[in-house]
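What follows is calculated from the coordinates using simple rules that are stated; it is not laboratory data. Here the structure is a predicted model, which is why all the values come from computation and not from measurement. A quick note on method: Cβ atoms are made from the backbone with ideal geometry, for glycine too, and the neighbour counts reach across all protein chains shown.
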Amino acid sequence: MNTAAQTQTGHHPVSRFAPHQTPPLVLNAISVNTHRLLTNLQEQITANLPSGSTHHVLLYGPRGCGKSHILTLLWHSLHSSTQTAEKLQIAWLHELQTITSLPQLLLAVYQSLALHYPHDYSHDWLNQLLEHAPADVAEILTRRLAARFTNRRLILFIENLDQLFTGLGSQGQKQLRALLQEQPFACLISTTRQLFQSVTDRNQPFFGFFQPIEIPPLSLQHTRQLVSAVARTRHKPALADTILSPDFLSATSTLHQLTNGNPRACITFATLLTDTAPEHVSTAICGTIDDLTPDCLLPLSELSPLQRQIMQLLSEHHSAINPKEIARRLLTEQGSVGKQIRLLAESGLLTSRQRGRETWYEIKDTLLRLACQHCTPGLTPAIVHFLLHWNQARLLRQTPAQLPMLLAENAPPYNAPGDPADKFAAIFLLHEQLDSLQNGIRQMLDMLQPLTAARLLPLAVGLLRSLPKLAQCRFAPDRLRDCAAAVLQQTAQFPQFQIAGRLFQTGVRCIISGNQAEFVPLVQLERTILQQALNPATAVDTQPVNPPSGFPPAPLAPAPDAPAPDADDDHSC
Amino acid sequence: MKANAGGNLEPQHVYGRDHFIDHLWQTLELQSILQSGERRTGKTQILRKMLQQPRPGWKPVFHDLEKIHSAIEFAELVFNDIQQFLGTATRAKNVIQRWFEHNETDYINLKGRTWKQLLNAAVNDLDKASQNEKLVFLWDEVPWMLDSICRHEGLAVAAQVLDAIRSLRVEHSSFRVILTGSIGIHHILARLSAAGIPTPAINDLYHAHVPPLNPADAVHLATDLLTGENIRCSHLNDVAHCLAQEVEYQPFYIQHIVAHLRLKQASVTPDQQPELSVPQLKQHLATCTSAPPDHDHLLQLLRLLNADHYITRNTHGHFNFRSQLIRRWWKLDQAL
């Protein structure tokens, strides 16, 4: 896999999997939502330096959310600050290090210090130390480290703390906690994908020990800033400016929805993007999914066969599923399926919603779901193309409805120019019976011959956008059901209508029932689309945004005119 | 002062515990102590403050015992601490004296002794020593150590360790200890009792329960944290009061909330609890329910809620929730 997004010779590489390989200047330039958190961490560490206080932090968030990025930036800022550089040293335990005992942990800490501060820590001394028994090694290392950090502080970066704690086991965790309590010379800045039992269970030693800080996903504004910033690091200022313009908003909205604001995915997209034309955008998004698929699927390798089957089923199915249905489809007992589902939910892979006494499960991470579909022959991520058209229609075609004009002309609406949403709405208004509704839709489709994807997708989007107008008509429930039936009957043969048809049907049910309980079985992404369809007045900020502050100066990239501070920077936790 | 939830604090940043710590020092003159309290109430910070600011005449030694998994490890720890306390000259004198008295060279060899012998020898040395200071052990996470000994060496050994510590306390006036831990020691005692090994292991200890901070100290802590973190407050004093009250004056949670506010960088306004009179309640109910209760029915309902300790009436006749916790629970339950 190409881990460094180095597109042309001389460009600064942006490493998506190893941020410490990215030059600090570039790393800082693509930091769009970390400023406040970094400042807080740095202030906290600096404030504790003169005293004997220690403060332990646990950053948590899904894969690719920027945890290592934040650690790398903190590393650079602590080392470059005159306030802190001489008063602390940092040991960094990376995510690939496997540690199963306290002596091994202390050894890893010493080795990391020896790597980064070779003048202060001797490899020869360490080699001699290894002649001793492990318990003695731990004692000697503890004494040595305590002596070294009498007047300065050890900052210990630990990636994937959950894995370290699993390796240490209960006994090792207690030994570590005792060490940190008795010899408070180290501050732990650690990361994990999600909070885990060792820190959340009040019966565990590390309960309440860390300040947990959630790394939130990027907002839409930050997604736009990040994609633009990466384009700038690639010496593409024109592309970077276009990305920030309202014209590109539908593309970044699609990216944001598909990746849940995942920074790693945004960087991948930005490095694959060569042009802002729609076909290039969809290619770059599909390329992003392809590129990140191995990384996304990594957690599945740790699952049991039944858990993998459940994940596979949920990825293939277009909606959320309840345990009873999962058991039926997998030819398994509901009890054993229920237990595995609970475990998957606890590990953060599934999310659930309740309707009445039923619980519906879906894959939590949209990107993981897309990656699963990407690897399954016959399953194409149709949502990508639909979403691009949907966002374009939603965000850019804010033209007033043409419906009154169409009706005033009292003519068949399907051959009139205008928004497909209006055409559908007019058909629903004009034709009262199911047969004539179907005929109307058929005639409209006939008018569009040849029926290419480029013609059908806007029409599918238009169908969904007609829902609010359909709601305004206050048809009888039977008439609404007729509408849904007519649509499904006439569009079933077109794959481009699958998503729109499904959502249209659910939308009609919502209009009939007057509530959104029908939303429950939909997956998160489709729920969002249907909500947008039913509530088109939801405000969308189409304003251009500024590039992130702290952008590197020329010649890396032209300095922005007004590098505004991150006014909407929000690190909610 | 910066918010620091869960970390180790400087002694001057441990607010509102001076009186409690004075009480502990006074008690130590007479007997050893079992310090108890819910998790995250600040038990360890109290021990650390005692360690860093000892009362004259005392030499505290702090240990987190969750690292100990066997009786011999525990005995060696105590032995080493006492030897360290006694100093080189006294240690050498004791070794020579034992050699002459018992002619047993294995007393010199630490590994030759059982854990009980080691404990007794160490505390005997402490008794004989004429030090200017008295040694006090501050032992944290004792129940976890006992739990670990139970699992590694059996319940009987854990009971013996408890009994040995008790006999040291009873027989040696020089031996003083504060025992504490995240989980209650009664869990271990219950397990021993269920296994047919009842032990009076803690009946000679003074039980000191760590209370929440008193309101004034909690508000003081909240004020200093809000100020130290530069958190914008509409009315600093009101916010600090509200914050302290909401978390029932527990310092850990005050620290946590301020740390959270720091990250949010939001301005803070205290959530004022409305106190409503009966006419105001009637007016409110008339707007939000289709069939508001009549005057007598409403009074009857208020009396019942008052009797059930859900609400309270102030001297002006206005009603309010009896406690913040009930109010918070109600708001969460009603998704308000």
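Near A:Leu58, the amide H atoms lying under 5 Å from its own belong to A:Ser190, A:Gln211, A:Ile213; only residues 5 or more places off or on other chains count, and H is placed 1.01 Å from N. Computed from Cα atoms, the angle from the helix A:420-430 axis to the main principal axis of chain A rounds to 40 degrees. Less than 5 angstrom separates the built amide H of A:Leu350 from those of A:Ala345, A:Lys364, all sequence-distant by 5 or more or on a different chain.
The sum of -39500 (n - 2.57) across all DSSP H runs of n ≥ 4, divided by the residue count of the protein assembly as shown, sets its helix-only mean residue ellipticity at 222 nm to -16500 deg cm²/dmol. Computed from the C-beta positions of A:Thr166 and A:Ala492, the FRET efficiency with R₀ = 51 Å rounds to 0.55. Axis of helix A:263-272 versus longest Cα principal axis of chain A: the two differ by about 70°, to the nearest ten degrees.
Angle, helix A:453-465 long axis vs. longest principal axis of chain A, Cα atoms, 0 to 90°, nearest 10? The helix A:453-465 is inclined about 90 degrees to chain A. Would you give the gap between the C-alpha center of the range A:289-341 and the C-alpha center of the range B:1-45, rounded to a whole Å? Cα centres, the range A:289-341 to the range B:1-45: 49 Å. In plain terms, the residue of A:His55, B:His186, B:His316 with the fewest other Cβ atoms within 10 Å comes first and the most crowded comes last, giving B:His316, B:His186, A:His55. Would you mind checking the pairs A:Lys423/A:Lys469; B:Lys49/B:Lys128; B:Lys49/B:Lys134; B:Lys59/B:Lys116; B:Lys2/B:Lys264 and listing those with alpha carbons more than 19 angstrom apart? Going by Cα-Cα distance, B:Lys49/B:Lys128; B:Lys59/B:Lys116 fall outside the 19 Å limit. A straight Cα-to-Cα reach below 22 Å connects A:Lys364 with the lysines A:Lys67, A:Lys324, A:Lys339, residues fewer than 8 places away in its own chain not being considered.
Of the residues A:Ser15, A:Ser466, A:Ser51, the one with the fewest other Cβ atoms within 10 Å heads the list, and the complete ranking is A:Ser51, A:Ser15, A:Ser466. If a spin label sat at a point 7 angstrom from the Cα of B:Lys116 along the line to its beta carbon, the backbone N atoms of the range B:124-161 nearer than 16 Å would be those of B:124, B:154-161. With θ taken as phi - 60° and the Karplus curve 6.51 cos²θ - 1.76 cosθ + 1.60 applied, the whole-hertz 3J(HN,Hα) list for the range A:247-257 is 4, 9, 4, 5, 5, 5, 4, 4, 4, 5, 5 Hz, x standing for glycine and proline. Neighbouring Cβ atoms from other chains, within 10 Å of the Cβ of residues in A:40-53, number 4 on average. Listed from fewest to most Cβ neighbours within 10 Å, the set A:Cys266, A:Cys286 follows the order A:Cys286, A:Cys266. Phi-derived couplings, Karplus 6.51 cos²θ - 1.76 cosθ + 1.60 at θ = phi - 60°, listed residue by residue for the range A:198-209: 4, 10, 9, 8, 5, 8, 9, x, 9, 4, x, 7 Hz, with x used for Gly and Pro.
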